[in-house]
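Before any comments, here is the structure.
The values are calculated or read from the model by the stated rules, or taken from the named source; none is laboratory data. Only a predicted model underlies this, so the values are computations on that prediction, with no experimental measurement involved. Quick reminder, even Gly has a Cβ in these numbers, built from the backbone with ideal geometry, and neighbours come from all protein chains shown.
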There are 2 protein chains.
Amino acid sequence: MSAHTDMSAHTTGCILWFTGLSGAGKSTLAEFLTPLLRELGLKVELLDGDEVRENLSKGLGFSKEDRDTNVRRIGFVANLLARNGVIAISAAISPYRSIRDEIRSRSQAPFIEIHVAAPLATVEERDTKGLYAKARAGLLKQFTGISDPYEEPLHPELTLHTDRESIEESATKVLLYLESKHLIPQGSSARARG
Amino acid sequence: MSAHTDMSAHTTGCILWFTGLSGAGKSTLAEFLTPLLRELGLKVELLDGDEVRENLSKGLGFSKEDRDTNVRRIGFVANLLARNGVIAISAAISPYRSIRDEIRSRSQAPFIEIHVAAPLATVEERDTKGLYAKARAGLLKQFTGISDPYEEPLHPELTLHTDRESIEESATKVLLYLESKHLIPQGSSARARG
């Protein structure tokens with residue numbers, strides 16, 4: 001069965017909701033998966049933090065209320081896309097459990113919560129963007145994990161241990177899960193292992 | 001050829017951008033067209049003023065800056081949908097020409113600007129929601145057409161004279177245009193006259 005044949009059979013759409021600390025690997029994974037899914041002929045939109053903040057949430061800050069508003073907007077747009085057959089990927093920190101649950105309950109397509117679960121110690125040690133050092137020094141207020149809470153998912157569809165898995169391993173887990181739910185063609189997961 | 005066969009051939013997506021004064025008939029037309037296009041097996045999303053204001057633009061007012069932000073957000077979401085094969089319909093007043101042109105220039109799918117051109121005298125006389133009376137009385141500030149500008153499109157793809165056309169006539173014009181651009185199956189326009 002060709003990818004083209006599969007494509008028309010797989011226009012269900014779903015929401016891949018990555019959540020986790022800054023630096024845990026959400027965007028990296030989302031950016032790894034997006035072209036890979038597109039090569040399969042699937043429709044994919046990555047709603048990443050910066051583009052969304054620029055286009056949907058300019059002017060919002062990092063208070064709980066503003067974060068909730070930003071995350072709700074991503075959820076609203078993701079749902080519009082997913083119910084039209086698109087795999088909508090969010091890679092926002094989305095630190096609050098209640099808002100993630102609210103978006104799940106409103107979703108009209110499968111909502112797949114993926115906890116990108118590198119522990120704080122690991123992401124702080126890596127500190128790829130130097131943000132944790134700034135947050136510890138008090139230069140960044142309301143920084144998730146340091147001066148602002150991160151509420152782990154209680155029942156995520158997937159947990160990715162990006163501190164001890166390669167990106168290919170984590171991506172394969174996502175693809176195997178999507179295959180098991182018939183949201184992508186069977187055999188797609190072989191792609192991530194290239 | 002069945003509607004089902006056509007559907008797969010018509011997943012181009014486009015933006016139907018209705019613009020015009022309050023009461024001109026934008027939402028009425030959009031709400032008339034949406035189920036009709038869905039019955040043809042097409043994917044359609046109506047981004048109407050109230051739902052968008054609630055979900056994407058809560059807190060924004062009616063200053064030029066806030067209106068521009070609201071309209072830009074609708075344009076951003078419409079483009080995400082349209083480039084994934086959805087007919088995205090906007091029914092916001094969108095009074096400023098430069099912002100409409102900006103959205104057109106950013107659109108990655110056909111952008112069809114539809115001027116819903118009932119004259120002010122007509123919509124003010126109808127005043128279906130009583131808003132014009134309030135605006136004339138000074139109870140509504142920044143009301144488009146009364147105390148705030150409306151900039152007519154200079155080169156819209158379509159102009160609908162809803163003051164002297166029936167809704168079926170206006171809708172048929174839209175469908176004939178979409179047929180002529182091969183954005184919907186040939187023969188679809190017969191539906192509106194149904």
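Observations on the model:
- Matching residues in region A:105-154 - criterion: being charged (D, E, K, R) and either touching a helix residue (DSSP H, G or I) at 6+ places or on another chain (Cβ under 7 Å) or more than 29 Å from A:SER166 (Cβ to Cβ) (or both): A:ARG106, A:GLU113, A:GLU124, A:ASP127, A:LYS141, A:ASP148, A:GLU151
- Of all residues in region A:93-104, at least one satisfies being in contact (Cβ under 8 Å) with a residue 12 or more places away in the chain, within 14 Å of chain B (Cβ to nearest Cβ) and in contact with a helix residue (DSSP H, G or I) (Cβ under 7 Å, 6 or more places away or on another chain).
- Filter pass, A:GLU152 being out of contact with any Phe, Trp or Tyr (no Cβ under 7 Å at 6 or more places or on another chain), modelled with pLDDT of 95 or more, surrounded by fewer than 19 Cβ atoms within 10 Å (Cβ to Cβ) and part of a loop (DSSP other than H, G, I, E, B): yes
- In the set (1) within 12 Å of another protein chain (Cβ to nearest Cβ); (2) at pLDDT 90 or above; (3) buried (at least 19 other Cβ atoms within 10 Å of the Cβ), the condition left unmet by B:VAL52 is number (2).
- Residues (of a type in the set (D, E, K, R) and either over 16 Å from the mean Cα position of the chain (by Cα) or within 30 Å of B:GLY41 (Cβ to Cβ) (or both)) located in region B:69-100: B:ARG73, B:ARG83, B:ARG100
- The residues on offer are A:ALA118, A:ALA88, and the sole one that is surrounded by 19 or more Cβ atoms within 10 Å (Cβ to Cβ) and either over 20 Å from B:GLU54 (Cβ atoms) or more than 14 Å from chain B (Cβ to nearest Cβ) (or both) is A:ALA118.
- Taking the listed residues B:ALA30, B:ALA109, the one that is surrounded by fewer than 22 Cβ atoms within 10 Å (Cβ to Cβ), modelled with pLDDT of 95 or more and more than 11 Å from chain A (Cβ to nearest Cβ) is B:ALA109, with no other qualifying.
- Region A:57-74 - residue that is facing chain B (nearest Cβ under 9 Å) and modelled with pLDDT of 90 or more and, of those, surrounded by the most Cβ atoms within 10 Å (Cβ to Cβ): A:ARG73
- B:VAL77 vs. criteria within 10 Å of chain A (Cβ to nearest Cβ), assigned to a helix (DSSP H, G or I) and not aromatic (Phe, Trp, Tyr): yes
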